[in-house]
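First the structure, in the form of structure tokens, and then the observations on it.
What follows is calculated from the coordinates using simple rules that are stated; it is not laboratory data. What you see is a predicted model, and the numbers here were worked out from it, not measured in a lab. With ideal geometry, Cβ positions are generated from the backbone for all residues, glycine too; neighbour counts draw on all protein chains shown.
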């Protein structure tokens with residue numbers, strides 16, 4: 001959290017230094033999806049957004065504890081035509097539009113892992129902190145037409161702590177081309193055994209320290225989820241955004257003693273100032 005805040009503070013300072021170089025009149029967003037932020041206003045060059053969001057969410061994956069958390073929001077972006085390079089907190093990446101209906105995204109991100117202290121009720125005592133690590137995120141979205149009314153999505157997350165595969169389909173609402181409006185997506189998630197046990201497994205050592213049953217999981221289907229995104233301009237510079245997520249775990253995950261709930265959920269809202 002401190003690292004994320006520090007990075008966004010650096011983005012804010014950088015934005016102030018280069019604010020005069022930004023164009024205020026834009027064309028269209030790279031793709032008109034609220035889940036894909038574009039602060040460049042459709043023009044080549046720099047774009048910056050900085051703000052805060054408030055989330056009400058599960059304390060950790062599988063938790064039955066919920067709480068509020070304030071999170072920085074925004075990114076520094078540089079656009080050239082149909083390519084955008086971005087720095088968003090703990091992720092550095094590129095996304096590009098091809099043939100009006102293909103969106104590709106590649107990013108190097110930091111996974112903070114899980115800490116024992118994430119549970120105020122002591123549910124994670126004895127399990128220790130899970131490993132932090134770098135992740136490579138590769139994504140492709142295919143729209144059925146240039147309006148991006150309906151689309152399919154595939155994503156691979158691979159790193160030091162295992163691998164995830166996500167496959168989804170979505171629908172965009174509204175007719176705006178500036179990245180505002182709303183969208184709804186359904187996503188199926190798969191994981192390998194390394195990632196499954198990092199998040200929900202209990203080793204013999206952890207079992208002895210925590211009193212939880214030893215658990216060894218295999219890879220496969222992880223969850224099915226529904227995700228809703230909303231984004232709109234209040235005025236020329238201020239955006240409001242919101243997100244709601246519900247993820248239902250597979251029976252294998254439900255059987256893990258770490259999973260106190262058979263689902264994960266969160267809802268959030270926030271504001272971003274677009275320079």
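At a glance:
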read-out: Residue-averaged 222 nm ellipticity for the chain, from DSSP H runs of 4+ at -39500 (n - 2.57), nearest 500; value: -3500 deg cm²/dmol
read-out: Length released on extending from residue 213 to residue 238, taking residue separation times 0.36 nm less the Cα-Cα span; value: 4.0 nm
read-out: Between helix 2-18 and the chain: long-axis angle, C-alpha atoms, 0 to 90°, nearest 10; value: 10
read-out: Footprinting exposure proxy for 240, 234, 258 (fewest neighbouring C-beta atoms within 10 Å first); value: 234, 240, 258
read-out: By average C-beta atoms within 10 angstrom, highest first, the peptides 98-104, 166-172; value: 166-172, 98-104
read-out: Mean Cβ count within 10 Å, highest first, over the residues of peptides 110-121, 151-162; value: 151-162, 110-121
read-out: Selected from 45, 165, 242 as most flexible by GNM, with the chain as the system and alpha-carbon contacts under 10 Å; value: 45
read-out: Separation in nanometres of the label points that stand 7 Å from Cα toward Cβ, at residue 251 and residue 145; value: 4.2
read-out: Nitroxide proxy distance, nm - points 7 Å out along Cα→Cβ at residue 265 and residue 44; value: 4.8
read-out: All-pairs Cα distance distribution in the chain, expressed in whole percent, bin size 5 Å; value: 1, 6, 11, 15, 19, 17, 13, 9, 6, 3, 1, 0, 0
read-out: Diffusion coefficient, µm² s⁻¹, Stokes-Einstein with Kirkwood Rh over alpha-carbon pairs of region 103-186 at 4 °C and 1.567 mPa s; value: 83
read-out: Once the Cα gyration tensor of region 136-255 is diagonalised, semi-axes √(5λ) in Å; value: 36, 16, 13
read-out: Region 212-275: proportion of alpha-carbon pairs further apart than 13 angstrom, %; value: 70
read-out: Within a Gaussian network of the chain (alpha carbon springs, distance under 10 Å), most fluctuating of 106, 209, 76; value: 209
read-out: Relative contact order of region 71-118, defined on C-alpha pairs under 8 angstrom at six or more residues apart (%); value: 24
read-out: Order of 66, 48 under a 10 Å beta carbon neighbour criterion, fewest first; value: 66, 48
